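Structure first, then comments.
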Amino acid sequence: MIKFSDIKIGDYVKAEYEGQIWEGEVVDLNGDEKQVCVETSVQEFWFEPAHLFPIELSDEALQKLSFQKHINDDGSVKYMKGSFRIMIPTENDFSAIEMWYREDRRHHPDVHYVHQLQNQYHDMTKIHLTSAPMN
């Protein structure tokens, strides 16, 4: 479950209804009812936060977000999208990440899921992180 206060429009999440799970993008929030509208591959649906789940931060998730991957000589891995960078100590180890954008550098931020990365990215760049490649 994701707390309602942690969800922003544009975040990618997993949504569950009657045992079926879809990945989708948050397109609207209803603060009065604490409901979240998620656009799935089928259509838009409203969900309670109890039926929303985070997408684990992983190599596959970063590739879907159009990050370019570079494996360094020391075994660390750098992911790049425009001027934004993420560094992990070894391949597939997202437990201790560093991220930076220009002079803003963050060591070990509390980022374990895609929506958290999207929110940090927006905070740092003032641009929402989507799957669209950088031009």
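The values are calculated or read from the model by the stated rules, or taken from the named source; none is laboratory data. All of these numbers come straight from a predicted model, not from anything done at the bench. Cβ: placed from backbone, ideal geometry, glycine included. Neighbour counts: every protein chain shown.
Given the criteria within 22 Å of K8 (Cα to Cα) and either at pLDDT 95 or above or in contact with a His (Cβ under 8 Å, 6 or more places away or on another chain) (or both), does Y121 qualify? Answer is yes for this residue. For region 1-53, the set of residues classified as touching a helix residue (DSSP H, G or I) at 6+ places or on another chain (Cβ under 9 Å), within 19 Å of S131 (Cβ to Cβ) and among the aromatic types (F, W, Y) consists of Y12 only. In region 78-135, the qualifying residues are those that are among the aliphatic types (A, V, I, L, M) and in a helix (DSSP H, G or I), and the one that is nearest to I55 (Cα to Cα) is V114. Checking every residue in region 103-118 against the condition of being surrounded by 19 or more Cβ atoms within 10 Å (Cβ to Cβ), of a type in the set (S, T, N, Q), at pLDDT 95 or above and within 13 Å of the chain's Cα centre (by Cα) gives at least one match. Within region 54-77, restricting attention to residues that are out of contact with any helix residue (DSSP H, G or I) (no Cβ under 7 Å at 6 or more places or on another chain), outside any loop (DSSP other than H, G, I, E, B) and of a type in the set (A, V, I, L, M), the residue that is farthest from H122 (Cα to Cα) is I71. The residues in region 34-82 that are at pLDDT 95 or above, hydroxyl-bearing (S, T, Y) and at negative phi can be counted, and the count is 3.
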